[in-house]
1. Could you compute how much accessible surface Val48 exposes when probed at 1.4 Å, giving the result in Å² to the nearest 10?
2. DSSP H helices in the chain with Cα extent of 30 Å or more along the helix axis and mean Kyte-Doolittle hydropathy at least 0.0?
3. At 10 °C and 1.306 mPa s, grab the translational diffusion coefficient of the stretch 11-79 from Stokes-Einstein with a Kirkwood Rh over Cα pairs, rounded to a whole number in µm² per second.
4. Take a quick pass over the stretch 7-54 and tell me how many lysine pairs come in under 15 angstrom between Cα atoms, counting only ones 8 or more apart or on separate chains.
5. Roughly how many Å is it from the Cα centre of the stretch 1-19 to that of the stretch 135-171, as a whole number?
6. Given Cα positions, please report Rg to Rh for the stretch 83-158, the hydrodynamic radius being the Kirkwood one.
7. In deg cm²/dmol and to the nearest 500, what is the mean residue ellipticity at 222 nm of the chain if only DSSP H runs of at least 4 residues count, each as -39500 (n - 2.57), divided by the residue total?
8. Based on alpha-carbon centroids, what's the gap between the stretch 63-105 and the stretch 22-55 in Å, whole number please?
Amino acid sequence: MPNERNIKTVQELENKIKSASALYFTRYTGMDVSQATELRREFRKNSVEYKISKNTLTKIAAVNVGYDSDKMSEFLNGQIGIAYADSDPTAPAKVIKDFVKENEDCLDVVGLIFDGDFFEADKYKQFADLPSKDELLTKFVVGLNSPMTKMSTMLNSVMVKMVTALGGLKEKK
């Protein structure tokens with residue numbers, strides 16, 4: 001018979017899993033307290049929540065949300081921490097990639113769920129190299145603005161030439 005605390009934990013995990021745009025499953029074996037503190041700090045800076053919970057409770061929550069039980073069993077094996085991404089699903093990948101560069105052999109990505117699809121562990125490196133949502137929006141706006149800027153510059157130069165020509169005619173007469 002499940003106790004009240006475990007039921008509440010499963011409900012909280014269900015809500016986190018539903019609202020997350022990406023889940024990164026990491027094995028943190030060998031990580032000391034200072035490294036864990038640094039990792040959590042970097043995750044918080046990037047609007048990512050890193051949570052460690054019992055694997056059985058996490059699996060129950062994921063299955064309740066609709067994920068495959070067998071696939072979740074593969075990911076939830078050993079000491080697993082999960083990074084829950086809110087708005088930018090690539091943010092955890094970037095934090096993990098930077099953290100692993102500085103702290104080898106204490107954090108391994110086991111797998112990830114990105115927009116509802118399961119991916120192997122190495123896929124996070126590709127996601128880490130993607131530009132952020134803000135960078136993509138900036139490039140899009142610049143791309144939209146560029147033709148308008150060129151058109152404005154062209155019309156302005158035509159007007160300057162016309163004013164110069166009219167000025168020259170005025171001086172002749």
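The values are calculated or read from the model by the stated rules, or taken from the named source; none is laboratory data. Model, not experiment: these values are computed from the prediction. Virtual Cβ from ideal backbone geometry, glycine too; neighbours counted across all protein chains shown. Quick note on the areas: whole protein, heavy atoms, side chains included, nothing else; ligands and nucleic acids left out. Shrake-Rupley method; radii C 1.70, N 1.55, O 1.52, S 1.80 Å.
1. Rounded to the nearest 10, the figure is 10 Å².
2. Details: long enough: 133-172 (59 Å, 0.23).
Membrane-span-like by this criterion, though nothing is claimed about a membrane: 133-172.
3. 121
4. 5
5. 59
6. On the way: Rg = 19.0 Å, Rh = 15.1 Å.
Over the Cα atoms of the stretch 83-158, Rg/Rh equals 1.26.
7. Numbers: 7 runs with 106 residues, N = 173.
It comes out at -20000 deg cm²/dmol, rounded to the nearest 500.
8. Between the Cα centre of the stretch 63-105 and that of the stretch 22-55, the gap is 9 Å.
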